[in-house]
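Below is one structure, written out as structure tokens, with a few remarks after it.
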Amino acid sequence: MTCEETKRLFADYWSQSLSAEDEIALEEHLGGCDACRTESDRLGALWNDLTRLPVEEPGPSLRTRFYDLLRGAGSHPAPARKPQMIWRIAAGVALLIGGGLAGYSLRPQDPELGQLRKEVSSMRQLVALSLLQQQSASERLRGVSWAYRAEPTDSEVLGKLLEAVNGDPNVNVRLAAVDALHAFGSSTAARSKVLSSLEMQDAPLVQVAIIDLLVDLKERDAQPELRRLAGNVSADAGVRQRAQWALERLE
């Protein structure tokens, strides 16, 4: 893991949303890199300080400035060749979420809590959609990780994830997008689109991931397509075997 890759994981590391594999890789790098370890400690101290900030009442102009910023970000998307800017936005939003919700958690009955959650949800959506449109596969992977934090009813994020599953040139991005679709499994429309995606795939790893997703979602409408796939002698042997396994689970 390089220093640049390590820095991209700091926000997720301090918000405790990093995968076990990435956390191990990051800590191994920190153990041998004084510069990254120093920066990590500095950001960790900042994160801890944010959780201890006193709760302040927002002034009347704060909400106006927030929506002005949000509209400006939406009308001026980040250039595709500057993924580091998206990283800064993501880190800033992570700090906003950690600091803001930590303070508001002390006042669960506050009438503005619901509005704050909507604003945070909008920021999560903005970051996820922006990252998913980047040229860099690593940035698109980060976009998928932000998609996990989107609302299960967010049709825009769902649409971008399905686009990634069906057309992203990087198989790792496609696999990650399939996994992120678990969060949208309660939607009938999402289940139908996932099933349609199986018919469009030609990468065995992605086909197997979608089959596993359909089993996890208990999608019995997938049985005809699974039977077709299991009996397709031109399909990958592992995919045919997995399709047969899925049929047994869904029958």
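Nothing in this text is a laboratory measurement; each read-out follows from the coordinates by a stated rule. Just so we're clear, the structure is a prediction, and the values are computed from it rather than from any experiment.
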Considering just Cα atoms, how many Å³ per residue does the convex hull of region 133-251 enclose?
85 Å³
For region 135-149, Karplus-derived ³J(HN,Hα) couplings (6.51, -1.76, 1.60; θ = phi - 60°; whole Hz; x for glycine and proline) come out as 6, 6, 4, 5, 6, 5, 4, 5, x, 5, 5, 6, 5, 4, 8
How big is the Kirkwood radius of region 202-251, worked out from every pair of different alpha carbons and given in Å to one decimal?
10.4 Å
Can you give the extra length, in nm with one decimal, that the chain gains between residue 27 and residue 202 once fully stretched, where that is 0.36 nm per residue apart less the Cα-Cα distance?
59.4 nm
